[in-house]
Structure formats: structure tokens, C-alpha cells
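Chemist: Let me give you the structure first, and then I'll get to my questions.
The values are calculated or read from the model by the stated rules, or taken from the named source; none is laboratory data. These figures come from a predicted structure and were not determined experimentally. Note: ideal-geometry Cβ built from the backbone for every residue, glycine included; neighbour counts use all protein chains shown.
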Amino acid sequence: MLTETEGRTAVKLARKAIESFLSEKKLSEPHEFGFELSQVFGEMRGVFVTLTEKRLLRGCIGHPFPDSKLKKAIMDSAISAAIRDPRFPPVEEDELDDMIVEVTILTPPERINAPPKEFPNFIKIGRHGLIVKQGYCQGLLLPQVAPENNMDSIEFLGHTCMKAGLSPDAWLTGAEVHCFEGQIFKEKEPRGEILEEKYY
């Protein structure tokens, strides 16, 4: 788990990476922003960065698996959320004053090893995010998605399947289901106070 100070640093690092990339069109290093990074930022962690503008999703991309050091994963995910999310046009520099930055640090995903009909019993809404895989299809939803959209565990499974491009009941018919936890840090308002969000 990150401390509150580390969580605030994670969000500031994400925002600074976006601002720097949009203004200078180059990838900067964390030390160029003057951040003192604790040891956790050198650990291999999964992370997602979510951008919202006037309460509407503006970009969300991340590293589902711990394949990079946290500092690199945060910066890469932040820039990708801003300019590489295929659902949205790239973020413009003047939008940043209206944008809220949110960082979710992930635990390594673990496969649910149980009969499919029992999968809902293993999912704690607000605590768990889901990854559904079948063949080349894969979909991920973060832990905050279910409570923010009033989903129960069955609806959450169905929506994660659809995110993967599968039928909503694919979790019952052979798709792998993995769950993970996320620690969420978010600006209350653009460039404002950064707090840890908890849904359970």
C-alpha cells in the first residue's frame, strides 16, 4: 500500500507527465520535475491513470500487470490516457485546467479458481477490479467502476466480458476471470487537493 504522501506524489507525477509532454512534446524524467520519489516508485507495479473532464471520462489507460517500475508506469499511462485512448481525441493543453487526474495502483491479478457459477461470490464490490480473458480477447474494469455505476457482482462480470468484446455471459462459458485490488488517489478538483478514494 502507498502512504497518503506517496499517493499524492503519484497523482502529481501523472499530471506533470501530461503537462510536460503536451507543452514540450518530449518524455521527461521524474527528477526533472523536482520530485523526491520513495522506494515504492522503483517497484514493479500495475497502474491505471483516469482523466475526467466535467465528470465525463476523457481517457483511461494503464498497465494491468506489474511489468514496469511504478514511476515509469505512471508516466506512460498518464500520457497514453491523454493522447492514445482510441475512444477520445487527444487532450489539448488548454483542457488541463478542467481535468481531474486519478491514479489507481493495482495488486497483481489472481485467477478465480472456482466453478463459474460461484465467481460472483468471490467478488467484493468496491474492492475488486476484474480482468476477463478468452482467446485473444481481454477486458479490464477497475474496482471503482462497479460502485460508481451501481453494479452487483453479476452485472460487473457481464460488463467486463463486454469490455473484452465477448458476450455478457462469457464468464459462465469458459472465459478466465481474474480479480485484483486497487488503491485509488484522485484530485478533488483540477489541480486541487488529492485524496485516497475508498469504496468499501
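Chemist: Would you mention how many residues in the stretch 24-60 are closer than 13 Å to A82 by Cα and either of a type outside the set (A, V, I, L, M) or surrounded by 20 or more Cβ atoms within 10 Å (Cβ to Cβ) (or both)?
Modeler: Going through the stretch 24-60, the residues closer than 13 Å to A82 by Cα turn out to be 25, 48-53, 57-60.
Those still in the list that are either of a type outside the set (A, V, I, L, M) or surrounded by 20 or more Cβ atoms within 10 Å (Cβ to Cβ) (or both) too: 25, 48-53, 58-60.
Adding up the residues that qualify gives 10.
Residues are listed down the side, and each one gets a yes or a no for (1) closer than 21 Å to G62 by Cβ; (2) in contact with a Ser or Thr (Cβ under 7 Å, 6 or more places away or on another chain); (3) assigned by TED's automatic domain parsing to the domain that holds M99; (4) not charged (D, E, K, R):
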position: G135; (1), (2), (3), (4): no, no, no, yes
position: L141; (1), (2), (3), (4): yes, yes, no, yes
position: N149; (1), (2), (3), (4): yes, no, no, yes
position: H159; (1), (2), (3), (4): yes, no, no, yes
position: P168; (1), (2), (3), (4): no, no, no, yes
position: T173; (1), (2), (3), (4): no, no, no, yes
position: L195; (1), (2), (3), (4): yes, no, no, yes
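Chemist: Another one. Under the condition of being aliphatic (A, V, I, L, M) and not in a strand (DSSP E or B), which residue from the stretch 132-155 is surrounded by the fewest Cβ atoms within 10 Å (Cβ to Cβ)?
Modeler: Filtering the stretch 132-155 down to residues aliphatic (A, V, I, L, M) leaves 132, 140-142, 145-146, 151, 154.
Now drop any that are not not in a strand (DSSP E or B), which leaves 142, 145-146, 151, 154.
On the way: L142: 21, V145: 21, A146: 26, M151: 17, I154: 15.
Of everything passing the filter in the stretch 132-155, I154 is surrounded by the fewest Cβ atoms within 10 Å (Cβ to Cβ).
Chemist: Residues in the stretch 59-75 that are touching a residue at least 24 places away in the same chain (Cβ under 8 Å) and part of a helix (DSSP H, G or I): how many?
Modeler: The qualifying residues number 5.
Chemist: Anything in the stretch 14-23 that is over 15 Å from the mean Cα position of the chain (by Cα) and touching a residue at least 24 places away in the same chain (Cβ under 8 Å)? List them, or say none.
Modeler: Scanning the stretch 14-23 gives A17, I18, E19, F21, L22, S23.
Chemist: Just to be sure I understand the filter: pairs with C-beta atoms under 6 Å, separated by 6 or more residues or on different chains, first member in the stretch 87-102 and without any contact (Cβ under 8 Å) to a residue 24 or more places away in the chain, second member assigned to a helix (DSSP H, G or I). Which pairs pass?
Modeler: Correct list of pairs: P90/I83.
Chemist: Something else now. Give the stretch 175-200 a look and list any residue that's of a type outside the set (F, W, Y) and closer than 17 Å to F122 by Cα, or say none.
Modeler: Residues of the stretch 175-200 that are of a type outside the set (F, W, Y), as a first pass: 175-179, 181-184, 186-198.
Within the stretch 175-200, A175, E176, V177, H178, C179, E181, G182 meet the criteria.
Chemist: Moving to a separate point now. Answer yes or no as to whether S28 is part of a loop (DSSP other than H, G, I, E, B) and among the polar types (S, T, N, Q). Show your work before the answer.
Modeler: Values: part of a loop (DSSP other than H, G, I, E, B): yes; among the polar types (S, T, N, Q): yes.
Yes, satisfied.
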